[in-house]
Amino acid sequence: MAIRRLRSLLPLSICKSLPFQSFAIRRFCSSSPPPPPRIPSFLESVGFIGLGNMGSRMANNLIKAGYRVTVHDVNSDVTNKFSQMGVPTMKTPFEVAEASDVVITMLPSSSHVIDVYTGQNGLLHAGRVLRPWLLIDSSTIDPQTSRNLSATISNCHVKERKGDWETPVKLDAPVSGSVIAAEAGSLTFMVGGSEEAFLAAKPLFLSMGKSAIYCGGAGTGSAAKICNNLALAVSMLGVSEALSLGQSLGVSASTLTKIFNCSSAHCWSSASYNPVPGVMEGVPSSRDYQGGFASKLMAKDLNLAVESAKQAGCKYPLTSQAQEIYRELCMGGHEARDFSCAFRHYYSGMDEPLDQ
Ligand code: NAD
């Protein structure tokens, strides 16, 4: 009672300066956020496969959020980092499945995902009885592979019933956002598959991202991601082309970027992920295009977009032009550099000194 009266009398600034002994008073006065919601028991143990640029950060955010995480990657350099942090590391995807209620994969492409699911010692190694009730693939892959895997999983059974789930479910849940967003836990998930499973898995998505958007049945998350990355490739190439032209016409990229960012050319590629070395700190262009989203991954996504456009019978002039540019960049030895390197290595744009 006395503490409540005190709280109503004291301004917050004074409450904050109270010594630790006054914990009870501090607690009442505290402006800190409430504790995170309790993790539902059917999501407690999570297996994470694919600890590259994105996956390592996503797995870290799950660990920070309190999930019991088990990991696997074919690259022992990355798994060693996790075992040094005390995270259980498994030798095969099957071992991960045997230890987890939920398994998340974050792999380069469709063939890697198929291998992890159906290859030797893969997630489905034991046949049609699975320990996990939920399998989430966040890799960017073709919608047909997502649909096929979803159908395969729906023919399996769970070893032990978890909550209401007797049949395991697969969601395709690729992400938008760079490595920076993966680190900050601010990714956007685009999710295809059972809506009920999507709703049940939402706490997981929101531990790694700022939003999760339900797209429809199996494969629609993958389809949405391909469309997103097609638009991204074209906008990055458009910004790079315009900034490089600007330099040739005597307008610096820094000046043009300032104009774009408060004009109709404003977009993520100019405002948050500028491709010109020296214009913005903390993005791949400022560190010789290292880290980030590799050109070979963008080339892969554009191949998926071209294939999807062919299947849908659509015209795709910008898709095929962008595909050609990224193919050329990869063949020129830039496949591991961030996709914004088109500015320097395709358009021959120039670096600019910071704070020009
Ligand atoms: P990455 O190449 O950095 O990481 C992939 C990881 O998968 C590597 O650690 C690799 O060793 C591991 N791996 C490959 N085959 C494996 C197998 N059979 N078993 C276990 N592990 C295996 O790729 P990334 O940049 O983290 O991207 C992962 C996915 O996310 C891709 O599909 C990509 O298109 C998508 N994506 C990437 C970004 C980005 O900015 N990097 C953004 C959005 C989406």
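Read-outs: derived from the displayed coordinates by stated rules, not from any lab. Predicted model only: the values in this text are computed from it and were never measured. With ideal geometry, Cβ positions are generated from the backbone for all residues, glycine too; neighbour counts draw on all protein chains shown.
Annotations
- Here the simple spin-label model places points 7 Å from the Cα toward Cβ, and for ILE114 and GLU307 these points are separated by 0.8 nm.
- Among VAL251, VAL116, the order by Cβ neighbours within 10 angstrom, fewest to most, reads VAL251, VAL116.
- Cα centroid separation, region 68-135 to region 212-273 (Å): 34 Å
- Extension gain from ALA336 to ASN155, taking 0.36 nm per residue of separation minus the Cα-Cα distance: 61.3 nm
- On the principal axes of its alpha-carbon atoms, region 205-275 has extents of 50, 22, 18 Å, going from largest to smallest.
- Adding -39500 (n - 2.57) for every DSSP H run of four residues or longer, then dividing by how many residues the chain holds, sets the calculated 222 nm ellipticity at -13500 deg cm²/dmol.
- In a simple Cβ point-charge model (Lys, Arg +1; Asp, Glu -1; nothing else charged), the chain has a dipole of about 1480 debye relative to its Cα centre.
- Cα-based Rg of region 259-356 normalised by 2.2 N^0.38 Å, two decimals: 1.17
- Computed FRET value (nearest 0.05) for SER41 with LEU249, which takes r as the C-beta separation and R₀ as 56 Å: 0.35
- GNM top mover of ILE104, ILE213, ILE141 - the chain, alpha-carbon springs below 10 Å: ILE213
- Lysines whose Cα lies under 24 Å from that of LYS162, excluding same-chain neighbours fewer than 8 positions away: LYS64, LYS170, LYS202
- Semi-axis lengths, Å, the chain, gyration tensor of Cα atoms, sqrt of 5 times eigenvalues: 37, 33, 18
- Take every pair of alpha-carbon atoms less than 8 Å apart whose residues are at least six positions apart; their mean separation over the length of the chain yields a relative contact order of 11 percent.
- Nitroxide proxy distance, nm - points 7 Å out along Cα→Cβ at LYS81 and LYS315: 4.6 nm
- Charge dipole magnitude, Cβ of K and R +1, D and E -1 - region 228-345, Cα centre, debye nearest 20: 100 debye
- Extreme residue, positive dipole direction of the chain, given options THR89, HIS125, ALA336 (C-beta unit charges): THR89
- Normalised by 2.2 N^0.38 Å, where N is the number of residues, the alpha-carbon radius of gyration of region 268-312 equals 1.48.
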